[in-house]
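Report on the following structure.
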Amino acid sequence: MQYTFTINLIEILEMTTIVDDNFSQLNDFLHGKTFSKIFILVDENTHEYCLPILLGNLETDLSFEILEIEAGEEMKNIQTANQLWEILTEMQADRKALIINLGGGVITDMGGFVASTYKRGIQFINIPTTLLSMCDASIGGKTGIDLMHYKNMVGTFTLPEKIFVYPKFLETLPFKELRSGFAEMLKHGLIADKSHWENLTAIQKLDIEGIIPHIKTSMNIKQNVVEKDFHEKNIRKTLNFGHTIGHAIESLCLEQGNPILHGEAVAMGMISETHLAVLEGLISQEDAQTIIENIQRYYPYLDISDFNDEDIFGLLFNDKKNTDSKINFSLLSGIGECTFDYQCSRKNILESLNFYRKLNDFNLN
Ligand SMILES: NC(=O)c1ccc[n+]([C@@H]2O[C@H](COP(=O)([O-])OP(=O)(O)OC[C@H]3O[C@@H](n4cnc5c(N)ncnc54)[C@H](O)[C@@H]3O)[C@@H](O)[C@H]2O)c1
Ligand SMILES: O=C(O)C(=O)C[C@@H](O)[C@H](O)[C@H](O)COP(=O)(O)O
Ligand SMILES: [Zn+2]
């Protein structure tokens, strides 16, 4: 017998709220609930820049504890998860405890994972503080940690109770982090909405004034895809465009102790995978050129000349989308259209990596 599981669109859309300056939507949510205790997970930066804003507006009689981890992808691992499970145990967090994940994608992935496994699952909400987590990571229920240097190898599909988005958190976000999140927004346009892509690429200077008006569209694209295929059996794989090669490069950089930002890796992966789509006859040269030139406008060239092809293939062969020992790509068939489960020849994959290696640095930033 086959079971299918679909989440109701309304459920996902209602899960996400853009909050006002008083966080009244968050306070309303908390007032109606009987949590035993609240744990707010932060990293050192969101502790400094975002927690004071949140606490200044939080209206609740419930007691809360702050759990802080160091910032960075290097922390998204089993050791950190273990420490958090231990702290929750020592503090006698019960099944009615709530975790508030206040941070970027590392915090929402990690906090969601810890919450979804502790005592077989306690409730959590996401309050994203980076562009990347507002538009992508806080939405859709993928939680997880890296294993060795393989990205997101252990995790769960578990939705938060709510996602509260406060775009003004972006005011303190460093430019590189803003640009990293912008890569996932470009991805949303490329896989699903040509006009979103055109609006984003019309932005001449990447700053929050230019980007904030487009956040909601990216959130909606992600929500719509997730609603159709929560467990990534089919169309959700399109959200992985740029990530097959991107994750491999991100993992290698992490392993070498030279981490790059997730969005930087995705930008590189989108260029390489767009060329791969040309080699496979999926997309026109003209569309590919537009895509690649625009991504190059925003992102610095990543020097992967020293990366060994076999190391890259080793990682590609462990990609979570693979089946039957075959690498499954999500490739563009046009601007705003994406295929998935697409298998390419080794020759073309190598050529797409070499295409990237040969690109000049046209970065304007
Ligand atoms: N679950 C998903 O669907 C999903 C989607 C995309 C990415 N991800 C994951 O998300 C992670 C990347 O997320 P990220 O880019 O948000 O990284 P991040 O969480 O590491 O945050 C980036 C940096 O910005 C700092 N920061 C956060 N908010 C700030 C603020 N308002 N002001 C100043 N500094 C602030 C953080 O401390 C950190 O140093 C990766 O691990 C990636 O795999 C998950
Ligand atoms: O939500 C999804 O599905 C995505 O693929 C979004 C990606 O941007 C994100 O990086 C995700 O964590 C990648 O998923 P993974 O399953 O390849 O780890
Ligand atoms: Zn991503």
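For the peptides 342-353, 327-338, residues were scored by their other Cβ atoms within 10 Å and the scores averaged per peptide; the highest-first order is 327-338, 342-353.
Partner lysines whose Cα lies under 25 Å from the Cα of K216, excluding those fewer than 8 positions away in the same chain, are identified as K142, K162, K168, K176, K187, K194, K205, K228, K237.
Judged by the gyration tensor of its Cα atoms, with axes a ≥ b ≥ c, the stretch 265-329 is oblate; a/c meets the 1.5 cut and b/c is at least as large as a/b. Of P167, P52, P128, the residue with the greatest mean-square motion in the GNM of the chain, using alpha carbon springs below 10 Å, is P52. Using the Cβ-Cβ distance between K216 and R346 with R0 = 35 Å, the FRET efficiency computed as 1/(1 + (r/R0)^6) comes to roughly 0.30. Computed about the Cα centre, the dipole magnitude for the chain is approximately 880 debye when only Lys and Arg (+1) and Asp and Glu (-1) carry charge, each at its Cβ.
Per-residue ellipticity at 222 nm computed for the chain from its helices equals -13500 deg cm²/dmol, with DSSP H segments shorter than 4 residues left out and the rest contributing -39,500 (n - 2.57).
Three semi-axes describe the equivalent ellipsoid of the stretch 185-315; taken as square roots of 5 times the Cα gyration tensor eigenvalues and ordered largest first, they are 24, 18, 16 Å. Once you sort the root eigenvalues of the Cα gyration tensor of the stretch 118-170 as a ≥ b ≥ c, which label holds: rounded (a/c under 1.5), prolate (a/b larger than b/c) or oblate (the other case)? Taking the square roots of the gyration eigenvalues as a ≥ b ≥ c, the stretch 118-170 is oblate. Overall, the stretch 18-131 carries a charge dipole of about 640 debye about its Cα centre when +1 sits on the Cβ of Lys and Arg and -1 on the Cβ of Asp and Glu, all other atoms neutral.
For an R0 of 22 angstrom, estimate the FRET efficiency from the Cβ-Cβ distance between E337 and A202 and round to the nearest 0.05. So, using R0 = 22 Å, E works out to roughly 0.60. In this simple spin-label approximation, Q256 and V154 carry label points 7 Å from Cα along the Cα→Cβ vector, and these lie 2.7 nm apart. When you count the other C-beta atoms within 10 angstrom of each residue and take the mean per peptide, 34-46, 177-189 line up highest first as 177-189, 34-46.
Select from I122, M270, Y150 the residue farthest towards the positive end of the dipole of the chain; place +1 on Cβ of Lys and Arg, -1 on Cβ of Asp and Glu, and compute about the Cα centre. The one lying farthest along the dipole's positive direction is I122.
Computed over all pairs of different Cα atoms, the Kirkwood value for the hydrodynamic radius of the stretch 11-172 is 15.4 Å. In this simple spin-label model, placing a label point 7 Å from the Cα along the Cα-to-Cβ direction at both F313 and E65 gives a separation of 4.9 nm.
Bridges between two residues of the chain, per DSSP, are antiparallel at a rate of about 30%. For the chain, the spread of Cα coordinates along the three principal axes comes to 60, 45, 43 Å, biggest extent given first.
Values quoted throughout were computed directly from the atomic coordinates according to the rules given, and no laboratory measurement underlies them. Quantities reported herein were computed from a predicted structural model and do not represent experimental measurements. For neighbour counting, all protein chains shown are included, and Cβ atoms are generated from backbone atoms with ideal geometry for every residue, glycine included.
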